[in-house]
Amino acid sequence: MKVAILGGDGYLGWATAMHLSLAGHDVTVCDNFLRRRLNAQFGSQPLFPVPDLAERAHVWRQRTKRCIAVTVGDLTDWDFTRSFIEECAPDAIIHYAELPSAPFSMANQRSSALTLHNNLGVTHNVIHAVHEVCPDAHIVKLGTMGEYGTPNIDIEEGWIEVQHKGRHERFLYPRQGGSLYHTTKIMDTDMLWFYVRAWKLRVTDLMQGPVYGMITAESSTEPALMPHFSYDAVFGTVINRFIVQAVAGIPLTVFGRGTQRRGFLNLEDTLQCVRLVMETPPPPGELRICNQFVEVFSVLDLAERVAQAAGERGLTVKIDHLDNPRMEAETHYYNPTHTTLRELGLQPHCLSTEVLTQMIDIVWSQRSHIDTSHILPTIRW
Ligand code: USQ
């Protein structure tokens, strides 16, 4: 298939590009390096320097003889988006081109407005470009499990049947995000659903939980091909952060009691999920929603697992309970369904001590790069 990956420079984007390229697809990546600029602005660099996209594509070609085409541009610009999609003529578009950070979106008006403008603006342009240029293309959009929040009932995969005064209807599952970032993802889903109804687009919305991991089968430990690995309080996700904290000898930063629960997955499983849904598109006029995670853990479970794995490497790790900087329930019901991706063939990788110690070993080899001044949270809401 001809595939356009939007946000191809990111943690997930580049890993997906290599995965789909090796699976035989014809891949073009697009990015405007906004995320790199924000990292530079915050002074919070990833753990190891990542070469630019053109250099990564070059290394990939040398190693595999396969070509990943690179286009640099801003997908909030309509003229650019339309001509990019026209040139690429994709069968599938993997849309990762969004700011992914809840803390960033809550820092101040500018970061909030940038998240809103970027995330909704890109989605809107992509929808219009597909409609005008390649209406049969499949949009695979990265959503988040955080769209649902933590309601006191089971979470379904995107849809819920409602009985009301003897009648019934199927609606998008109620959503209540915990940050402006999560709210932009909710608005994306609503916008996609509107255009699916209006224009019979084919769309898959992947409600993904927090991802962990740093190497994939395609990158192995070749530094030029590994993803941006963030561990700072703005852009790092919790497991990746705990691993770096364990190596740096900093007490693990559990927010509040740590009893808040989320559905997690390995980076390798994100790649499988995206490929599986891309290779089995829904029919025109369907918004298919999949809950994309493998295992549910509380934050405290994770801290204890990381501490135990670090112990196997001779590291002594303390666990701290910080005042929770976020507006989130710490004690809550959590039972999300996640069967669709398993039915499509997902073979999950679970979080084991072996997986954690492998991450610890890689971070240990890079420990001289760790900047401890960006670990503690400074953004509160
Ligand atoms: N947490 C800690 N300590 C930390 C960092 C996080 O206790 O040092 C807690 C948070 O309070 C939260 C949980 O760990 O309860 C997850 O936090 P996170 O920073 O790993 O993830 P989150 O902000 O929710 O966002 C991440 C990605 C986002 C994606 C989301 C999926 O950055 O793009 O949408 O995971 S989900 O969480 O299911 O919404």
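The values are calculated or read from the model by the stated rules, or taken from the named source; none is laboratory data. For clarity, every value in this text was computed on a predicted model and none was experimentally measured. In this analysis, Cβ positions are derived from the backbone assuming ideal geometry, glycine residues included, and neighbour counts consider all displayed protein chains. These accessible areas exclude ligands, DNA and RNA; they are computed on the full protein's heavy atoms, side chains included. Shrake-Rupley method; radii C 1.70, N 1.55, O 1.52, S 1.80 Å.
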Under the Karplus curve 6.51 cos²θ - 1.76 cosθ + 1.60, θ = phi - 60°, whole-Hz ³J(HN,Hα) for the range 347-354, x wherever Gly or Pro sits: 10, x, 9, 9, 7, 10, 4, 4
Size of charge dipole - the range 263-324 - debye, nearest 20, with Cβ of Lys, Arg +1 and Asp, Glu -1, no other charges: 100 debye
Label-point gap, in nm, between His332 and Asn108 - each point 7 angstrom along Cα→Cβ: 2.9 nm
DSSP loop trypsin sites (Lys or Arg not before Pro) with at most 11 other Cβ within 10 Å excluded, longest remaining stretch of the chain: 166-381
Note, ³J(HN,Hα) from phi for the range 110-116, Karplus 6.51, -1.76, 1.60, rounded to Hz, x at Gly and Pro: 5, 6, 5, 5, 5, 4, 4
Surface per residue (accessible, 1.4 Å probe) for the chain, Å²: 41 Å²
Calculated FRET efficiency for the pair Leu315/Thr64, C-beta based, R₀ 51 Å, to 0.05: 0.90
Size of charge dipole - the range 233-349 - debye, nearest 20, with Cβ of Lys, Arg +1 and Asp, Glu -1, no other charges: 140 debye
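Rule-of-thumb check for the range 58-174: C-alpha Rg over 2.2 N^0.38 Å?
Working: Rg = 18.8 Å, N = 117, 2.2 N^0.38 = 13.4 Å.
Relative to the rule-of-thumb radius for its length, the range 58-174 sits at 1.40.
Please list, by residue number, every one of the GluC sites (Glu not before Pro) in the range 92-168 that is coil in DSSP and has at most 16 other beta-carbon atoms within 10 Å.
Sparse-neighbourhood loop GluC sites (Glu not before Pro): Glu156.
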Gyration tensor over alpha-carbon atoms, the chain, equivalent ellipsoid semi-axes in Å: 31, 26, 19
The range 286-294 - phi-based ³J(HN,Hα) in whole Hz, Karplus 6.51/-1.76/1.60, Gly and Pro as x: 10, 9, 8, 10, 10, 8, 10, 7, 10
Percent of beta bridges antiparallel (DSSP, the chain, rounded to nearest 5): 20 percent
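If you wrap the range 320-381's Cα atoms in a convex hull and average its projection over all directions, what's the area in nm²?
On the way: hull surface 30.4 nm².
If I average the Cα hull's projected area over directions, I get 7.6 nm².
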